[in-house]
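> Dropping the structure in here first, questions after.
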């Protein structure tokens, strides 16, 4: 199936069961111990900013954005999890999901998106390292993997402190 046959749309409530199954299949039970999951557990992802990809009728991937506060400042998001079913890996589906989510976040006036991931993959979307110690998560995270993308230029320097999910 070509990338052109991929359909991307906002996540709908009826997608949640299939997304959860894909998370369990790809990430396994260890996903719940990760710090980013702990942040997401305490707040709700924004369905308007979360996207799914279907190849025909099969869920190919999904990405969610969760509103967060950093040191009391809002208008920031935590990206993830980004997931692509193994049979669709390497076909650009993840890139298209990220692009859709960042475009929607920018249109809604969000200033900053953070994630925990590999710089080599995410830098193409404008992500770069957060300066060490500037933003903390409520648990252990490799500081080299804490990345930020400014949706409004110059915003990263205005955010510092502990990250937590919006409630």
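Bear in mind these aren't lab numbers, they're just calculated from the coordinates by the rules spelled out. For clarity, every value in this text was computed on a predicted model and none was experimentally measured.
> Any idea what angle helix 93-107 forms with the longest principal axis of the chain, computed on alpha-carbon atoms, 0 to 90 degrees, nearest 10?
Computed tilt is about 50 degrees.
> Using a Gaussian network model of the chain with C-alpha springs under 10 Å, which one of 67, 81, 153 is most mobile by mean-square fluctuation?
Checking each option, the largest mean-square fluctuation is seen for 153.
> Let me ask another. Just to be sure I understand: if I project the alpha-carbon convex hull of the range 68-118 onto a plane and average over all orientations, what area do I get in nm²?
4.0
> Determine, at each q value in 0.17, 0.30 (inverse angstroms), the log₁₀ of I(q)/I(0) that the Debye formula gives when each Cα of the range 107-167 is one equal point scatterer.
Values returned for q = 0.17, 0.30 Å⁻¹ are -0.56, -1.43.
> With springs only between Cα atoms under 10 Å apart, run a GNM on the chain and tell me which of 75, 25, 95 wobbles the most.
Between 75, 25, 95, it is 25 that shows the largest mean-square fluctuation.
> In a Gaussian network model over the chain where Cα atoms closer than 10 Å are linked, find which of 128, 71, 154 has the largest mean-square fluctuation.
Sorting by GNM fluctuation, first place goes to 154.
> Now a separate question. Tell me what the chain gives for mean residue ellipticity at 222 nm when only DSSP H runs of n ≥ 4 count, each as -39,500 (n - 2.57), the sum divided by the residue total, rounded to 500 deg cm²/dmol.
The per-residue figure over the chain is -6500 deg cm²/dmol.
> Next question. What percent does the relative contact order of the range 3-165 come to when contacts are Cα pairs within less than 8 Å and at least six residues apart?
24
> Quick one: angle between helix 16-27 and the longest Cα principal axis of the chain, in degrees between 0 and 90, rounded to 10, please.
Relative to the chain, helix 16-27 is tipped by roughly 80 degrees.
> For the chain, what's the radius of gyration and Dmax over Cα atoms, in angstrom?
Gyration radius and largest Cα-Cα distance of the chain: 15.2, 45 Å.
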